[in-house]
Amino acid sequence: MKRASQARTLRFYGHGIPYVDDSEIKGRLIVIEGPDASGRSTQIGMITAHLEAAGHAVINVGLKRSELISEGILEAKRNFAGRKTLSLFYAADFADQLENKIIPALRAGYIVLADRYIYTLMAREAVRGISRRWSHNLFSFALVPDLVFYLDVEPEELVHRVFQKNAYLDYYESGADMGLSDDMFESFLIYQGMIAKEFRKMKKRYSLVIINGNRPIPEINADLQKRIDAFLASVQGKG
Amino acid sequence: MKKAIPGKLIIVEGVDGSGKSTQIRLLEKWLKYAGVPVYFTEWNSSETVKEITSKGKKKGLLTPITFSLLHATDFADRYERHILPLLHAGYVVLADRYIYTAFARDVVRGCHPRWVRQMYDFAVRPDIAFYFRVPVDVAFDRIVKNRPKLKYYEAGMDLNLSNDPYESYRIFQGRIVEQYESMIGPENFAVIDGTTDIEEQQRQVRQKVLETLPKSMFKNLQKEAPAK
């Protein structure tokens, strides 16, 4: 069994989690970001299979998957909750998974593959007029991942992939709550363009690796896998 | 860029058993009687959020950060839906506990003080923040007399202060009092001695409110007590 690495300490973005013991972390945290239909879950499935075949223990996490809180987010959306309310609800869902799933898995030596992380939440907040300073502080308890990939897909390409999956555009993923356009198709293109721009703004601060997601699935996968393998080889035995 | 807010925000803080809820309810009745447009809101009462919080509490799953974020979500929901729009409409909003409850509790639970404060920095500051000061032992006796059993989080059992819920509660409340005391100056609390008679406390509360609210808000009082 290959080991992801030897024990290290947790690294947080800001204030961190003062009461958490930050020592003895053995696993690795790898994040795949990107819009809906960008191919994230397909890629995560393929990467998981590849890493498991190589002998790593892998666990998948994602947004809105906290058993406790995810149904509350749906309820809040049904009740047209305000923007700060939704931001805080998503942050609570993330915190629950971070402390109850991600950190324990990292202690146990797992490679944690995250299907989206705080960057999507911060981008959504920024395009809705919430101050970047506020969002940055809000998520200052988040762990700094080892690798963050962003699947960058042109909105014009993305919209077709969405239509291959569903016959409709999702309300929030089209920014329909923002009054960008009466035409849902146009709203989607504008909104996804705004989100992509936020990701490019965050690139440097959060060391995002931008991956050209307009290519075919196997090509993207080869690109991601090569980078992940190179990273794991570089940290092997280094701690 | 913010517009001046015509309404007024009056909040009460203090540990459980400090008598703050009794006082704010009496204040509410008086203001309504005086023809003032009033809206009352209390901590942890958002229809959308409180169910999730109580489920998490029952299961004992809440870490301090999650606990803090759920209460902030609850607050934001009430703030965005009710508190801010009503203040803009010229209401007197009465809040039983406000952001200072989070500043005290979350910090005692181990969250970073600056993180908590920045999270709530969207909330307007109250026009009056009453702090009901009582010695921990007095508040403790008032609460414990009426309760056969303390709840897990209420007693601060998640902090591993003591295996005895009552002892844990006492220590937990003592630490919250310390936090409140440290905020009196910086947050400009109006301190009310919570050990005096209910009537005396209410007299002080009303006096402070009369000094703060514009006379024009008291539609009925004006009629009853014309200027001499």
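The values are calculated or read from the model by the stated rules, or taken from the named source; none is laboratory data. Note that the structure is a prediction, hence the values are computed from the model and not measured. So basically every Cβ, Gly included, is an ideal-geometry build from the backbone, and we count neighbours across all protein chains shown. SASA here: full protein model, heavy atoms, side chains in, ligands and nucleic acids out. Shrake-Rupley method; radii C 1.70, N 1.55, O 1.52, S 1.80 Å.
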Per residue value of the accessible surface for region A:28-235 (all protein chains in place, 1.4 Å probe), Å²:
41 Å²
Please check region B:63-87 for residues whose accessible area, probe 1.4 Å, is lower by 30 Å² or more when all protein chains are in place than in their chain alone.
B:63, B:65, B:66, B:69, B:70, B:73, B:80, B:81
Computed helical MRE - 222 nm, the protein assembly as shown, DSSP H runs ≥ 4 contributing -39500 (n - 2.57), nearest 500:
-14500 deg cm²/dmol
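Can you give the net charge of the other residues whose Cβ lies under 9 Å from the Cβ of residue A:112, counting K and R as +1 and D and E as -1? Display every interim value, and only then the final one.
Details: positive: A:28, A:101; negative: none.
It works out to a net charge of +2.
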Candidate aspartates and glutamates for bridging to residue A:84, where Cα separation is under 17 Å - those fewer than 8 sequence places away on the same chain excluded:
A:75, A:93, A:125, A:177, B:47, B:74, B:77, B:80, B:121
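At a 1.4 Å probe radius, which order do A:44, B:184 fall into by accessible area, largest first? Don't skip to the end; give the middle numbers.
Values: A:44 10, B:184 35 Å².
The most accessible residue leads, giving B:184, A:44.
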Karplus-derived HN-Hα couplings along region B:152-162 (A = 6.51, B = -1.76, C = 1.60, θ = phi - 60°), whole Hz, x at Gly and Pro:
3, 6, 4, 7, x, 5, 5, 8, 6, 7, 6
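Note down, for region B:8-214, the three equivalent ellipsoid semi-axes (square root of 5 times each alpha carbon gyration tensor eigenvalue), biggest first, whole angstrom.
On the way: eigenvalues 147, 88, 47 Å².
Three semi-axes, in Å: 27, 21, 15.
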Unit charges on C-beta of K, R, D, E only; dipole of region A:28-235, Debye
740 debye
1.4 Å probe, heavy atoms, protein only - residues of region A:92-106 losing at least 10 Å² accessible area vs chain alone
A:92, A:95, A:96, A:99, A:100
For chain A, what % of the accessible area comes from carbon and sulfur atoms, probe 1.4 Å?
52 percent
Rank A:79, A:150, A:19 by how far each Cα sits towards the positive end of the charge dipole of chain A (+1 on Lys, Arg Cβ; -1 on Asp, Glu Cβ) and give me just the farthest.
A:19
Starting from the alpha-carbon convex hull of region A:24-65, give the projected area averaged over all orientations, in nm².
3.7 nm²
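Give the total of Lys-Lys pairs in region B:89-228 with Cα-Cα distances below 28 Å; include a pair only if its members are 8 or more places apart or on different chains.
6
Please quote Rg/Rh for region A:28-235 to two decimal places, taking the Kirkwood radius as Rh and restricting both calculations to Cα atoms. Mind dumping the intermediate values first?
Numbers: Rg = 16.9 Å, Rh = 17.8 Å.
That ratio is 0.95, to two decimals.
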Buried accessible area between B and A (1.4 Å probe, both chains summed, ligands and nucleic acids excluded), in Å² to the nearest 100?
2500 Å²
Cα-based radius of gyration of the protein assembly as shown once divided by 2.2 N^0.38 Å, which approximates compact folds:
1.12
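Considering only protein heavy atoms, what per residue accessible area in square angstrom results for region B:1-156 with a 1.4 angstrom probe?
Working: 6300 Å² over 156 residues.
On a per-residue basis, region B:1-156 sits at 40 Å².
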Of A:206, A:168, A:150, which has the largest mean-square fluctuation in a 10 Å C-alpha GNM of chain A?
A:168
